[in-house]
Amino acid sequence: CTGSGLMLRDIYEAAGLPKHLFTVLLISHDQSDAVIENNLVRGVTLTGSDGAGRVVGEKAGKALKKTVLELGSNDAYLVLEDADVDLAVETCVKGRLFNNGETCVNAKRFIVTEEVYDEFTEKFVKAMADIKLGDPFAEDSDLGPMARADLRETLHDQVKDSVEKGATIRCGGEIPDMQGAYYPSTVLTDVAPGQPAYDDELFGPVASVIRAKDDDDAMRIANDSRYGLGGGIFSRNEDRAIELACNHFDTGMVRINGFGIAAPNMPFGGVKDSGFGREHGGFGMKEFVNVKAVFVY
């Protein structure tokens, strides 16, 4: 993340922006606290976990600073009774493994209606099992290592805890004997409330497949989360999917029959423990602009 910020700084300065107008500080948490409290700072935004969001939001609120918090999630992708199952499988694999599964808006929970559950699960497990771990620079590799070893350990602990509470590993789930923080593409079924795979964010290449009775039950399960960043719906009835997305899906963003990360012209952000405020688009442009009223008599 710091590399991205430093590259943006270099691009802006190469384009002619005065030096130090856009600044990247490589600092510790203690130093960031002082930055938040500084009188010259008028707004604070964080991309991170909901735990980090609570800490930063508290500090910014105490200093009366405007905040935008873009936090974690366990985004639900619904496979409804009339879904194109092959499209759903292909898209859900991509959505779960994008950036090694280490993105806030990855597809993470896959809520599948009874009508298509067996077909989807069989094809999804096979596709995930066929993913090849290896050097991310190698042509024949599908999945590289995670960002850090401690993140892999946390993910593996979540998998083990979920299994102890009733989940079933359908593929993956074991740390491979490889140099680097590798973790295989993993599918868990029999996922239920009380398991990390149901309740929490699994920040890595682990998919939670959850059975729903029907379309209404799938939407209920999707909303049964403290998070609400993104989500998706697979259905051949586009109009109905749009209606569900607009009026029933309690989340900040919804993809229909597809998966994506962010678009610069569309608002990006969530609800509930996924934070508040928006990045990108017109909404994002206005988050840290003061609205001033001037009266002339």
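Key figures
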| read-out | value |
| --- | --- |
| Criterion (of a type outside the set (Asp, Glu) and touching a strand residue (DSSP E or B) at 6+ places or on another chain (Cβ under 8 Å)) met by exactly one of GLY228, GLY204, GLY232 | GLY232 |
| Residue selected from the range 93-122 under the condition aromatic (Phe, Trp, Tyr) and part of a helix (DSSP H, G or I), by the criterion nearest to the chain's Cα centre (by Cα) | PHE98 |
| 2 or more residues surrounded by fewer than 19 Cβ atoms within 10 Å (Cβ to Cβ) and outside the structural domain of GLY270 (by TED's automatic domain parsing): qualifying strands (runs of 3 or more DSSP E) within the range 124-231 | 168-171 |
| Pairs where the first residue, in the range 185-199, is on the phi > 0 side of the Ramachandran plot and the second is part of a strand (DSSP E or B), C-beta under 6 Å, 6+ apart | ASP190/THR168 |
| Among residues of the range 210-242, those that are over 11 Å from ASN74 (Cβ atoms) and among the hydroxyl-bearing types (Ser, Thr, Tyr), counted | 1 |
| Condition met for VAL56 (in the same structural domain as ARG211 (by TED's automatic domain parsing) and buried (at least 18 other Cβ atoms within 10 Å of the Cβ)) | no |
| Single match in ASP142, ASP217 (criterion: more than 23 Å from LEU244 (Cβ to Cβ) and touching a residue at least 12 places away in the same chain (Cβ under 8 Å)) | ASP142 |
| Only listed residue being without any contact (Cβ under 8 Å) to a residue 40 or more places away in the chain, within 30 Å of PHE137 (Cα to Cα) and buried (at least 17 other Cβ atoms within 10 Å of the Cβ), chosen from VAL24, VAL89 | VAL89 |
| Tally, over the range 265-297, of residues that are touching a helix residue (DSSP H, G or I) at 6+ places or on another chain (Cβ under 7 Å) and part of a loop (DSSP other than H, G, I, E, B) | 4 |
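Conditions tested, residue by residue: (1) assigned to a loop (DSSP other than H, G, I, E, B); (2) touching a Pro at 6+ places or on another chain (Cβ under 9 Å); (3) hydrophobic (A, V, I, L, M, F, W, C).
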{"position": "GLY5", "(1), (2), (3)": "no, no, no"}
{"position": "ASP10", "(1), (2), (3)": "no, no, no"}
{"position": "GLY16", "(1), (2), (3)": "yes, no, no"}
{"position": "ILE27", "(1), (2), (3)": "yes, no, yes"}
{"position": "ALA34", "(1), (2), (3)": "no, no, yes"}
{"position": "LEU46", "(1), (2), (3)": "no, no, yes"}
{"position": "LEU64", "(1), (2), (3)": "yes, no, yes"}
{"position": "ASN74", "(1), (2), (3)": "yes, no, no"}
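The rows are residues; the columns are (1) in the same structural domain as MET146 (by TED's automatic domain parsing); (2) within 17 Å of ILE221 (Cβ to Cβ).
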position: LYS65; (1), (2): no, no
position: GLU90; (1), (2): yes, no
position: LYS94; (1), (2): yes, no
position: ASN100; (1), (2): yes, no
position: ALA107; (1), (2): yes, yes
position: ILE111; (1), (2): yes, yes
position: GLU119; (1), (2): yes, no
position: GLU122; (1), (2): yes, no
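Okay, residues lined up against (1) at pLDDT below 95; (2) within 17 Å of the chain's Cα centre (by Cα):
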residue: GLN195; (1), (2): no, no
residue: TYR227; (1), (2): no, yes
residue: ILE261; (1), (2): yes, yes
residue: GLY269; (1), (2): no, yes
residue: VAL289; (1), (2): yes, no
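The values are calculated or read from the model by the stated rules, or taken from the named source; none is laboratory data. Remember, predicted model here, so these are calculated numbers, not experimental data. All Cβ positions, glycine included, derive from the backbone under ideal geometry; neighbour counts span all protein chains shown.
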